[in-house]
Amino acid sequence: MRNPQSSRAKLPPLATLPAFSIAARTGSLTLAARELHLTPGAISRQVKSLEDALGVQLFHRGHNAIALTDAGRQYLTHVNAALATLENGTRALLPDRVRLVIQAPITLARRWLIPRLGTYRRANPDVDLNIQSLALGPGDVPDVTISYNRGSEESRFPSAFLLDRTVAVCSPLLISGAAKALSPAALLDLPILLDTADAWSWRRWCGAADIPFQPRGGSIAFDTDEASIDACMTGLGIGQASPALIERELREGQLILLCPAIDPIVGAYEIAGAPPNGRAAGFTQWLQTWRASGDPPLP
């Protein structure tokens, strides 16, 4: 008689699943290691162990970058669902949970905050975060409000957790391999993408390059950094962005850095209002640790 258990798929090493999920989300073994407080080598071994157990390749590996295979994308859906179920079940058993409402600009929330939230959540497992970027929900009052303020001098932002430096970037779809040889003035012969109607970032950048801001190739203006970055990635023109907000795109070659020595400060992200108390104060202190560490570019 056939043993009904013999047809069951053998479970992979379950301890490797968080490493796989985080590496897939961040696109970086180094960043996954940072979230899990392990070494990149340890994360790499866990992922390899999972692949060996499954008998399939989950990631394509390149120079300082990884990307999911088709099998990896399919498996990730099931892994994330399983981890979410376990997390929700665990949360339901924990008493005295705290809810924090964080109001933050959408580009910062999506491109800077989300990739780093794992470190906060691991240190504060009893805190439920509600990140609001567009509009607060009914009855919601932000515990922490992150604001963006313009300025070109670092001394103006002694309490900022992230200085906004701007660099010129473009998609390889727009310019061939000769892009890095272009001069600052030559960039203005190409279509220019503006993230504000008054071209604040571009004017600061041209000032740092000691050239007048005279776009000769035309321009397209957007009202958010996010839209400008998306337009840049499609090859519509030369854009301006903070390196801290396009780390993955630069790492994976979706955007090319132009004239890298020119990176003026154009503003900063700060905590608005009176200093928060309680758990909110802990969140702001966590934000400040990134500035204390220099917020190095993620590999």
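Laboratory data are not the source of any read-out in this text; all were calculated from the coordinates shown. No experiment lies behind these values; they were computed from the predicted model shown. Cβ atoms come from the backbone with ideal geometry, glycine included; neighbour counts cover every protein chain shown.
Taking amide hydrogens as placed 1.01 Å from N in the peptide plane, the amide H of Leu162 sits under 5 Å from those of Tyr269, each at least 5 positions away in sequence or on another chain. For Ala221, nonlocal amide neighbours, meaning residues 5 or more places apart or on other chains whose placed amide H falls under 5 Å from its own, are Leu194. Among the DSSP beta bridges whose two residues both lie in the chain, what percent are antiparallel, rounded to the nearest 5? Of the beta bridges lying entirely in the chain, close to 60 percent run antiparallel. The stretch between Asp210 and Ile131, if pulled fully straight at 0.36 nm per residue, gains 24.5 nm over its current Cα-Cα span.
Given axes a ≥ b ≥ c from the Cα gyration tensor, I'd like to know whether region 167-263 is rounded (a/c under 1.5), prolate (a/b larger than b/c) or oblate. Because its axes are fairly even, with a/c under 1.5, region 167-263 counts as rounded.
Distance between the modelled labels on Ala82 and Leu117, one decimal in nanometres: 2.4 nm (7 Å Cα→Cβ projection).
Would you tally the net charge around Leu173, using a Cβ to Cβ cut-off of less than 15 Å, leaving Leu173 out, and scoring K and R as +1, D and E as -1? Summing Lys/Arg as +1 and Asp/Glu as -1 gives -3.
Estimated from helices alone, the mean residue ellipticity of the chain at 222 nm is -10500 deg cm²/dmol (sum of -39500 (n - 2.57) over DSSP H runs with n ≥ 4, per residue). Exposure proxy shown here: for Tyr269, Tyr120, the number of other Cβ atoms within 10 Å sets the order, fewest to most, as Tyr120, Tyr269. Taking Lys and Arg as +1 and Asp and Glu as -1, the other residues whose beta-carbon sits under 15 Å from that of Gln132 total -1.
With contacts taken as Cα pairs under 8 Å and at least 6 residues apart, the chain reaches a relative contact order of 21 percent.
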